[in-house]
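Below: one structure, written as structure tokens.
The values are calculated or read from the model by the stated rules, or taken from the named source; none is laboratory data. Here the structure is a predicted model, which is why all the values come from computation and not from measurement. As a convention, Cβ positions derive from the backbone with ideal geometry for all residues, glycine included, and neighbour counts pool all protein chains shown.
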Amino acid sequence: MLYPSGFTKGEVIDYYVRVAPALLPHLRGRPLTLKRYPNGADKGHFYEKRCPEHRPDWVDTAPVWSSREDGEIRFCVCNDLPTLVWVAQLASLELHPSLSLAERLEAPTSLAFDLDPGEPATIVECARVGLRLREMFGDLGVECFPKTSGSKGLQLYVPLNTDVTYEATKPYARAVAQLLERETPDEVTSKMTKKLRKGKVFVDWSQNTETKTTVAVYSLRAKDRPTVSTPLEWDEVQRLAGDENPEAVVFEAGDVIERVAEHGDLFAPVLELEQELPGLEALRAS
């Protein structure tokens, strides 16, 4: 039993097998950090960057330089269904891939914003900030795609799939977050200090770092229930911003299987769409 709600390891594995056609393209070729809960979602966890030595021969790995280790760490790379099942068997409920492909670690394929609400704010306030981001980029012909974090917040990805590096995307994301904060300081903060987040949405720009990972789309989260980081349609974000019902976008494993059957992979364009980042001055003018 891996979830207090009654969700078992067998059900975790079954979910990942069924969602694999949508999930695997978002993991393939990327260094993967495992977040393992061997005794259940409510019993503690540990992060595992170094792919376990007892891994089967058919599990692919990728070398990543670690300044802390003063050497290379071989990360797991989840390229196929057998590897995904093996990872689930390890009780890695959450999957945290890099924004980069292993072959070009310095080049993120997306710009990511993690919108994190400080109580009493909720994902409703995150939706409102997300709509502002969409409008800001949309005015300049750039698309972005929303997903729930599977926890409290909302995440927005701006597909790039170009030669841009973190040296450009990290300060860019920070500047965007600071711009939102200047425009609405009572609603948004770009600062990580937790005491400053009360009642505001923290626009976390720091995920755009080569050494960090972000929870994968379609990944389970380790909560009381098997909630999932779920891609949304913008119409759903619009309704969420107006209806003020945070539960409207809480999706569990079974819900997500049904959504994928109905809509396909709403996050597929994140892997394919090639876009250039607009200049910061253009963003400010928009």
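The table below lists the values:
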| item | result |
| --- | --- |
| Residue count for region 174-195, restricted to those that are in a helix (DSSP H, G or I) and either free of Cβ contacts under 8 Å to residues at least 12 places away in the same chain or out of contact with any strand residue (DSSP E or B) (no Cβ under 6 Å at 6 or more places or on another chain) (or both) | 9 |
| Residue in region 76-93 that is under 15 Å from the mean Cα position of the chain (by Cα) and under 25 Å from Glu143 (Cα atoms) present | no |
| Failed item in (1) free of Cβ contacts under 8 Å to residues at least 24 places away in the same chain; (2) closer than 23 Å to Leu266 by Cα; (3) touching a strand residue (DSSP E or B) at 6+ places or on another chain (Cβ under 8 Å); (4) not β-branched (Val, Ile, Thr), with Glu72 passing the rest | (2) |
| Out of Pro226, Pro231, sole residue that is touching a residue at least 40 places away in the same chain (Cβ under 8 Å) and more than 15 Å from the chain's Cα centre (by Cα) | Pro226 |
| Scan of region 82-97 for residues that are assigned to a loop (DSSP other than H, G, I, E, B) and not aliphatic (A, V, I, L, M), ordered by number | Ser92 |
| Qualifying positions in region 245-255 - closer than 17 Å to Asp235 by Cα, surrounded by 14 or more Cβ atoms within 10 Å (Cβ to Cβ) and touching a residue at least 60 places away in the same chain (Cβ under 8 Å) | Pro246, Val249, Val250, Phe251 |
| Tally of residues being crowded, with 16+ Cβ neighbours inside 10 Å and β-branched (Val, Ile, Thr) across region 157-192 | 6 |
| Flag if Arg18 is crowded, with 16+ Cβ neighbours inside 10 Å, out of contact with any Gly (no Cβ under 6 Å at 6 or more places or on another chain), assigned to a loop (DSSP other than H, G, I, E, B) and in contact (Cβ under 8 Å) with a residue 12 or more places away in the chain | no |
| Output for region 75-98, where each listed residue is in contact (Cβ under 8 Å) with a residue 40 or more places away in the chain, farther than 12 Å from Thr33 by Cα and out of contact with any Cys (no Cβ under 6 Å at 6 or more places or on another chain) | Asn79, Asp80, Leu81, Val85, Ala88, Gln89, Leu90, Ala91 |
| Set Gly199, Gly242: member being surrounded by fewer than 21 Cβ atoms within 10 Å (Cβ to Cβ), of a type outside the set (Ser, Thr, Tyr) and not in a helix (DSSP H, G or I) | Gly199 |
| Subset of region 218-240 (residues that are touching a Gly at 6+ places or on another chain (Cβ under 8 Å) and closer than 9 Å to Ala127 by Cβ) | Val237 |
| Single residue of region 265-286 satisfying the filter (surrounded by fewer than 12 Cβ atoms within 10 Å (Cβ to Cβ) and of a type in the set (Gly, Ala, Ser)) that is modelled with the highest pLDDT | Gly279 |
| Selection from region 98-136 of residues that are aliphatic (A, V, I, L, M), touching a Lys or Arg at 6+ places or on another chain (Cβ under 7 Å) and outside any loop (DSSP other than H, G, I, E, B) | Ala102, Ile123 |
| Region 245-283, subset assigned to a helix (DSSP H, G or I) and within 20 Å of Leu160 (Cα to Cα), residue nearest to the chain's Cα centre (by Cα) | Val270 |
